[in-house]
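Asks: Quick one: this structure, given as structure tokens, is what I'll be asking you about.
Quick note: the coordinates plus some simple rules give every number you see, no bench work behind them. It should be emphasised that the depicted structure is a prediction, and the values quoted were computed from it without experimental measurement. Reconstructed Cβ throughout: ideal geometry from the backbone, glycine too, with neighbour counts over all protein chains shown.
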Amino acid sequence: MNRINKISLAILVLCSANSINVLAQTASGVTPDLDYNPSWYITPSLNMLIPDSGFGVGDHGEGVGITVGKPVSEAFDIQISTRYGRQNANELKYQQNMLGVDGLYFFTREAIRPFVFIGAGYQEDRLSGSIGEASGYSPYVNAGLGVQMVISDQWSMQLDFRREHGYLQNNDFNIERNNNNYLQLGITYAFDATPTHTVVAAAPPPPTPEPVYVAPVVKAVAPTPAPRFEKVVLTSTELFGFDQYNLHMPQPKLDEIAVALNNNTEINHVVISGYTDRIGSDRYNQKLSERRAGAVKDYLVSKNVAPERLDAQGRGKSNPVVTCAEKHLKALIVCLEPNRRVEVEQFNFEQRVGSGK
């Protein structure tokens, strides 16, 4: 292995270690489920080339590349790439230039995003030495797998391995097909931030009516109407940890609700609605909201409230109280806190519990 190859391999190893370290610091013990950024992006990269043995130039070389890409849906990206690789060995110098298009399928859009891809393009191969030079242009197909690692809303890293199969045509090489392998590491910059929405302002409360004096009228006393739930709003911060559904203890507000329900057994069909913020996929947030509503129901049942009187429902990230434009994950989590809540409806009073942090 020559000195250039050693330096190239060291750069790849160091960059990989650095990307893993950045992700660990960003996570801080929490693995968020991120929505994807739909903007165009660019990815300069370093690569390690393992050329086909038919070229006779040894085991591996190095190169560079640049990619322009865009997500087209939650699961698919398209990338247009140009790539250059070279290897010197046995008094021969092999070079390859490639231009192609790849389609990527992502298994998830969380912070760590594994994917597979397939693509095609055109390649130039050039082999030179003391006895002359051979070159040619040929079509190729390639396939592989990789992973994107999110650093922030607009920055990420991409590591992928691809096998390229070239159909060598009208050339001076001694082979008609080549199978080159590439290991590639790049850093990605998205040109635009993820779209955000304006905060929806709550409607002002209606004015308090002036008191009106009504002369007493002697009549039969009407029966006292049955008590009725209105709404109690409990923030997720008071009930759960971030991205959790296990209740903190103690829960004095839930104890008050349990006492009220046990003292008024006429109250039935009390709806417990769980909500999440917008961070994460729809399916994940729906499941988390159902578990949070179920945890509140289980707590009230443990306080002797009959389970058939309670209806636990998960609402996912619907009906947000606020929307936020923060770009940094920690600031976004704090801003979206009012959306992470549990509502208990149909009671004879309405109140909001403190927001927490």
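Asks: Using alpha-carbon pairs under 8 Å, 6+ residues apart, how would you state the relative contact order of the stretch 230-352 in percent?
Replies: Once normalised by length, the contact order is 42 percent.
Asks: Using the structure shown, select from K231/K303; K303/K330; K70/K287; K70/K317 the pairs with a Cα to Cα distance greater than 31 angstrom.
Replies: With Cα atoms farther than 31 Å apart: K303/K330.
Asks: Still on this structure: What fraction of the DSSP beta bridges in the stretch 230-352 is antiparallel, stated in percent and rounded to the nearest 5?
Replies: Of those bridges, close to 55 percent are antiparallel.
Asks: Under a point spin-label approximation (7 Å from Cα along Cα-to-Cβ), what is the T82-D172 distance to one decimal in nm?
Replies: Taking the two extended label points, one gets 2.5 nm.
Asks: Just want to confirm a number: the relative contact order over the stretch 37-129, from Cα pairs under 8 angstrom separated by 6+ residues, in percent.
Replies: The value is 23 percent.
Asks: On average, how much area does the Cα convex hull of the stretch 75-166 cover when viewed from any direction, in nm²?
Replies: Hull-based average projected area comes out at 6.8 nm².
Asks: Can you give me the distance in nm between label points at T208 and S318, each placed 7 Å from the Cα along the Cα-to-Cβ direction?
Replies: Taking the simple label geometry, T208 and S318 are separated by 3.6 nm.
Asks: Quick one: Karplus J couplings for the stretch 272-282, per residue in order, coefficients 6.51, -1.76, 1.60, θ = phi - 60°, nearest Hz, x for Gly and Pro?
Replies: With coefficients 6.51, -1.76 and 1.60, one gets 10, 10, x, 10, 10, 8, 8, 6, x, 6, 4 Hz.
Asks: Return the long-range amide H neighbours of A120 (sequence gap of 5 or more, or a different chain), with a cut-off of under 5 Å between placed amide H atoms.
Replies: So A120 has HN proximity to V101, N142.
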